Amino acid sequence: MVTQQEFDEVEMRRTVAVKELERAQQKRVQMSGKIAQAEGQADAAKAMLAWTRVIAPFAGVIVEKRADAGSMAVPGVPLFLLEDPRRHYIEASVSETYLPFLKKGTRSGGFSTPTRRARSRSPSRRSFRDRSGKPHLHGEGGSAGGVSRSGQSGKVRFAAGKGTVLAVPKRAITRAGGSDGVFTVGAVDNVARLSMITLGAEFDDRVEVLSGIEDGARIALSPIDKLSDGARVEVRR
């Protein structure tokens, strides 16, 4: 048994408690909304942060930069040009004469390995297109000089057996009118004559001569820069 006054006091405290509970629940709802909003902003920030990272589709080497710091990135517009050196290959035109010596897997002087052989587009050239994989750059003495780049040129050497060729020392070659030439020395009058020649393969300090002089011709070696056509020379042995 309680008095009316005590009952009213308890009832008032209950009413106040209910109101405080309702306000607390409303604040909870509001805080949940703010938390959800903050989480959404965090996700958007993470997405924008991910856009600042440029991830290549494969491992390679950047060979060209097409965007500068501060530029606006536009979807579909390249930022960098990327190459995979492992997928590079070198192509060379091989004379049909040497075709029997070439096959898939033939070593080519340490530069590369033939991986495919196809006919040239030009039938008149009577040549074949050889594709060799894994090109390497070589420095002095054959040491590795770096990673190959697209657009670079190189030499591919194939072992095609042994034979005899007409060759002259490289120091005997001179340039005249945009062509290669050598000074031949007459056996009787010792007069130097400029003969235009067509060069072929190189062998250390010598180079093959495909046309322009005959076997047995005497070639001037020095001083090439002071010689002229028709000059008399002194032959020293």
Q.
Give me the 1.4 Å probe accessible area per residue for the range 1-63, excluding ligands and nucleic acids, in Å².
A. 95 Å²
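What whole-number value in cubic angstrom gives the convex hull volume per residue for the C-alpha atoms of the range 155-205?
Cα convex hull per residue, to the nearest whole number: 106 Å³.
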Q. Quick one: accessible area per residue over the range 144-237, 1.4 Å probe, rounded to a whole number of Å²?
A. 70 Å²
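Take each of the peptides 207-220, 55-68, average the number of other beta-carbon atoms within 10 Å over its residues, and list them starting from the highest.
207-220, 55-68
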Q) Between the range 1-28 and the range 32-77, what's the alpha-carbon centroid distance in Å? A) 54 Å
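Lys and Arg at +1, Asp and Glu at -1: add these up for the other residues within a Cβ distance under 13 Å of Ala220 and post the number.
Residues close to Ala220 contribute a combined charge of +3.
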Q: Report in % the part of the accessible area of the range 1-87 that belongs to carbon and sulfur, leaving out ligands and nucleic acids; probe 1.4 Å.
A: 60 percent
Q | Gyration tensor verdict on the range 152-237 (Cα atoms; rounded if a/c is under 1.5, prolate if a/b is larger than b/c, oblate otherwise) | A | prolate
**Q.** Potential lengthening between Met72 and Val235 on full extension [0.36 nm per residue; Cα-Cα distance subtracted]
**A.** 51.4 nm
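The values are calculated or read from the model by the stated rules, or taken from the named source; none is laboratory data. Please read these numbers as outputs of a predicted model, since none were measured by experiment. Cβ: placed from backbone, ideal geometry, glycine included. Neighbour counts: every protein chain shown. These area figures cover heavy atoms from the full protein model, side chains too; ligands, DNA and RNA do not enter into them. Shrake-Rupley method; radii C 1.70, N 1.55, O 1.52, S 1.80 Å.
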